[in-house]
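S.K.: Here's a structure for you.
The values are calculated or read from the model by the stated rules, or taken from the named source; none is laboratory data. Since we're looking at a predicted model, the values are computed, not measured. Neighbour counts run over all protein chains shown; Cβ positions are idealised from the backbone, glycine included. For accessibility, only protein heavy atoms count, side chains too; no ligands or nucleic acids. Shrake-Rupley method; radii C 1.70, N 1.55, O 1.52, S 1.80 Å.
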Amino acid sequence: MLDFLSRRLVAALITLVLATVVIFAVVEVLPGDPALVMLGTDARPDTLATLRGKYGFDQPLPVRYWSWIAGLFTFDLGTSHAYGTSVAKLIGDRLQVTLPLGALALAWALLVAIPLGVFAAWKHRGPGDWLVMGFSQLGISVPNFWFGIVLVLLFAVTWQLFPAGGFPGWASEPWTSLHALVLPALSLSLGEIAILARVTRSAMLDTLREDYVRTARAKGASETSVLFSHALRNALIPVTTVAGLIAGFLVAGAVIIESVFRLPGIGQLVYDSINNRDLVVIKNVVLLFAVLVLAVNLLVDLAYAFLDPRPRVGT
């Protein structure tokens, strides 16, 4: 088990190093002069020279890369050109919105999708199965930002049960802040609920055809015991894989949802930084996305070890 996890950790570290090289090349090398990208072609030469000196763009590429990597270990990510403040502080403040939003959306997806998938497999080819599959097809087809707008019109404008946008902050109003994340999390999780429900249904159908499930039924086990005690645990292995991928998609999807609901999260920061051509922020936020995805993959590997404790040989 430890050997399996150590190999996964080494692979994640190698992937992270390669990600830093790719991100640095795409953000600072391929566009040409980073100062010219940030200030535009109409910038004066002395202004460009000042910006190059301020951010070290006048240094050789290897020096700039190693300076960035060294700063990552001390959380010195530089200063935002647009905001004029520490990038580490900007990201830390915005993560207080995006991480709870993603966790809430993932919780919605798991709590709704897994029971729906189990129910659809139990009622295979029946009206319940067709209903769940129709809902999942609709969930995959509908854009989550459009669904978010519909939720705002219904629950914020018409019925006034939830706020239409904004975020008061955890320190001052924690309950109100959680209340403000409900609609964004619902809209963000719609597509993921549909995907997870279909995957759960497919995995459950495969598991219910196994010999040990037939044996349990032959011994007189109740249908509830067969579904949840015997079949669901093995069916959760592919579901865990998809849930791990979805967790990464939720962070990326937050870019649009946070713009719809005007939430001051990482997604809104990315949107504003692209508009402001703030390369220093963009570079570090993209790396943060890579770190989050790798961390989720490691957690998925730990979940595999729990769900299927058989030793991994050559994996």
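S.K.: Could you tell me which residue of the stretch 121-135 is farthest from Phe249 (Cα to Cα), considering only residues that are open to solvent by less than 50 Å² (accessible area, probe 1.4 Å) and in contact with a Leu (Cβ under 8 Å, 6 or more places away or on another chain)?
M.R.: Ala121
S.K.: Taking the stated definitions as given, is Trp108 under 23 Å from the mean Cα position of the chain (by Cα) and open to solvent by 60 Å² or more (accessible area, probe 1.4 Å)?
M.R.: Against the criterion (under 23 Å from the mean Cα position of the chain (by Cα) and open to solvent by 60 Å² or more (accessible area, probe 1.4 Å)), Trp108 qualifies.
S.K.: Continuing with the same structure: Tell me, which helices (runs of 4 or more DSSP H) wholly within the stretch 31-123 include 3 or more residues that are more than 30 Å from Ser189 (Cα to Cα)? Reasoning before the result, please.
M.R.: Values: elements: 34-39, 45-55, 61-73, 87-122.
Passing ranges, in order: 34-39, 45-55, 61-73.
S.K.: Take the residues in the stretch 46-78 that are open to solvent by 50 Å² or more (accessible area, probe 1.4 Å) and among the hydroxyl-bearing types (Ser, Thr, Tyr), then tell me which one is nearest to Val22 (Cα to Cα).
M.R.: Step by step, filter the stretch 46-78, then rank; the result is Ser67.
S.K.: Please specify each residue of the stretch 209-236 satisfying the condition of being hydrophobic (A, V, I, L, M, F, W, C) and under 21 Å from Leu111 (Cα atoms).
M.R.: Val226, Leu227, Phe228, Ala231, Leu232, Ala235, Leu236
S.K.: Separate question: Give the residues of the stretch 202-219 that are of a type outside the set (A, V, I, L, M), under 20 Å from Asp129 (Cα atoms), open to solvent by 20 Å² or more (accessible area, probe 1.4 Å) and assigned to a helix (DSSP H, G or I), sorted by residue number.
M.R.: Within the stretch 202-219, Ser202, Asp206 qualify.
S.K.: Right, next: Looking at the stretch 176-192, is at least one residue within 30 Å of Ser225 (Cβ to Cβ) and either among the charged types (D, E, K, R) or at pLDDT 95 or above (or both)?
M.R.: Yes, there is a match, as at least one residue in the stretch 176-192 is within 30 Å of Ser225 (Cβ to Cβ) and either among the charged types (D, E, K, R) or at pLDDT 95 or above (or both).
S.K.: In the set Ala113, Ala103, which member is of a type in the set (A, V, I, L, M, F, W, C) and open to solvent by less than 10 Å² (accessible area, probe 1.4 Å)?
M.R.: Ala113
S.K.: Can you pull out the residues in the stretch 220-237 that are open to solvent by 50 Å² or more (accessible area, probe 1.4 Å) and free of Cβ contacts under 8 Å to residues at least 24 places away in the same chain?
M.R.: Within the stretch 220-237, Gly220, Ser222, Thr224, Ser229, His230 qualify.
S.K.: Do you know which of the residues in the stretch 252-281 that are hydrophobic (A, V, I, L, M, F, W, C) and surrounded by fewer than 21 Cβ atoms within 10 Å (Cβ to Cβ) is farthest from Tyr65 (Cα to Cα)?
M.R.: So the residue we want is Ile256.
S.K.: Name the residue that is farthest from Leu99 (Cα to Cα), counting only residues in the stretch 175-195 that are out of contact with any Pro (no Cβ under 9 Å at 6 or more places or on another chain) and open to solvent by 50 Å² or more (accessible area, probe 1.4 Å).
M.R.: Here the answer is Ile195.
S.K.: What are the pairs with Cβ atoms under 6 angstrom where one residue, in the stretch 133-146, is at negative phi and part of a helix (DSSP H, G or I) and the other, located anywhere, is basic (Lys, Arg) and open to solvent by 30 Å² or more (accessible area, probe 1.4 Å)? Sequence gap at least six, or different chains.
M.R.: From the stretch 133-146, the pairs are Ser136/Arg198.
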